[in-house]
1. Could you tell me whether residue 132 is within 26 Å of residue 9 (Cα to Cα) and either open to solvent by 50 Å² or more (accessible area, probe 1.4 Å) or not hydrophobic (A, V, I, L, M, F, W, C) (or both)?
2. Where residues in the range 68-84 are hydrophobic (A, V, I, L, M, F, W, C) and closer than 15 Å to residue 101 by Cβ, which of them is surrounded by the fewest Cβ atoms within 10 Å (Cβ to Cβ)?
3. Sort out which residues of the range 49-67 are open to solvent by 60 Å² or more (accessible area, probe 1.4 Å), in contact with a helix residue (DSSP H, G or I) (Cβ under 9 Å, 6 or more places away or on another chain) and free of Cβ contacts under 8 Å to residues at least 60 places away in the same chain, and write them in order of number.
4. Any idea which residue in the range 85-129 is least open to solvent (accessible area, probe 1.4 Å), counting only those that are under 16 Å from residue 151 (Cα atoms), without any contact (Cβ under 8 Å) to a residue 60 or more places away in the chain and of a type in the set (Val, Ile, Thr)?
5. Under 6 Å between Cβ atoms, at least 6 apart or on separate chains: pull out the pairs that start in the range 33-48 with a residue that is among the β-branched types (Val, Ile, Thr) and end on any residue that is in a loop (DSSP other than H, G, I, E, B).
6. Need pairs with beta-carbon distance below 9 Å; first residue among the polar types (S, T, N, Q) and within the range 13-27, second assigned to a helix (DSSP H, G or I); sequence gap 6+ or separate chains.
7. Is there a residue being assigned to a loop (DSSP other than H, G, I, E, B), surrounded by 13 or more Cβ atoms within 10 Å (Cβ to Cβ) and under 15 Å from the mean Cα position of the chain (by Cα) anywhere in the range 13-31?
Amino acid sequence: MRALVIVHDHLSTAGHVGERLAERGYELDELLVVPAERYTNPDVDVAFPPAENYGLILTLGAPWSVARRNAWIEAELALLRSAHEAGIPVLGICFGGQALAAALGGDIEAAPRFELGWSRIATDEPELVGPGPWFQFHGERWLLPPGAREVARNDVASQAFVCGRSWGVQFHPELTPEVLQAWFDQDGAQTAAELGVDPERLVAELRADLPAVRERARALVDAFLDQVAEGGPNDGTESHMSA
């Protein structure tokens, strides 16, 4: 089975999530959207493949906003929408989760505060997503699309939703210490400084907790594959908005 992995920037990887998908038998086709030389000017032209070429789509985080709505963001939203309508499982992480929400008729807004660091979440379905702690790195949040079922939240944002075979999470289960360090080295250190957060401490914590981080990611991927991706396209239609 082939999975399309949408990697939005050159610093990011599918990490633990991609590792587990491969262990579960998926052949990963990575599509880099914005190459390194266009990082500061990310309005590039991208040809996304047809959704029906794949048995699953994974869309990762990004340092930009879904609300930018440039040509490639609009094209990605169309891809995610077509995948969802065809019953092809979609897993969206952070920006990818926000893109999924927007593709399905939701919206994006500024969060009441920027989340950077570890967070525990309230979960209605711990068999799908546990309380964490999960690593957060975002300043925006989604408004749930019609037909979505919110399954987790914290005091800042909705943290996970299911809509048919599509699943969005706001946190970063895929994150490795190397990628987090790369984010800080690129431009994340300024955000950390503004928030009074020590990047070295966060990277060290992630590295020290790596076995548990990996296991949480593996459990999340397994839940996605076994409980969401295996469901019908009209499953999980109860909808409510987070506070």
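The values are calculated or read from the model by the stated rules, or taken from the named source; none is laboratory data. Just so you know, these numbers come straight off a predicted model, no measurement behind them. Every residue, glycine among them, receives a Cβ derived from its backbone with ideal geometry; neighbour counts consider all protein chains shown. Areas reflect the complete protein model, heavy atoms only, side chains present, ligands, DNA and RNA absent. Shrake-Rupley method; radii C 1.70, N 1.55, O 1.52, S 1.80 Å.
1. yes
2. Residues of the range 68-84 hydrophobic (A, V, I, L, M, F, W, C): 71-73, 75, 77-80, 83.
Retained after the next criterion (residues that are closer than 15 Å to residue 101 by Cβ): 73, 77-80, 83.
Numbers: 73: 24, 77: 18, 78: 13, 79: 24, 80: 27, 83: 24.
Top of the filtered list is 78.
3. From the range 49-67, those open to solvent by 60 Å² or more (accessible area, probe 1.4 Å) are 50, 52-53, 63, 67; that's our starting set.
Checking which are in contact with a helix residue (DSSP H, G or I) (Cβ under 9 Å, 6 or more places away or on another chain) leaves us with 50, 52, 63, 67.
Passing the criteria: 50, 52.
4. This residue is 121.
5. So the pair list comes out as 33/46; 34/42; 34/44.
6. So the pair list comes out as 13/178; 13/179.
7. First, the residues of the range 13-31 that are assigned to a loop (DSSP other than H, G, I, E, B): 13-14, 24-26.
The next check asks that each one be surrounded by 13 or more Cβ atoms within 10 Å (Cβ to Cβ); those that pass are 13-14, 24, 26.
Right, trim to under 15 Å from the mean Cα position of the chain (by Cα) and you get 13-14.
There is at least one residue in the range 13-31 that is assigned to a loop (DSSP other than H, G, I, E, B), surrounded by 13 or more Cβ atoms within 10 Å (Cβ to Cβ) and under 15 Å from the mean Cα position of the chain (by Cα).
Quick grid of which residues meet (1) part of a strand (DSSP E or B); (2) within 18 Å of the chain's Cα centre (by Cα):
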{"site": "6", "(1), (2)": "yes, yes"}
{"site": "37", "(1), (2)": "no, no"}
{"site": "41", "(1), (2)": "no, no"}
{"site": "67", "(1), (2)": "no, yes"}
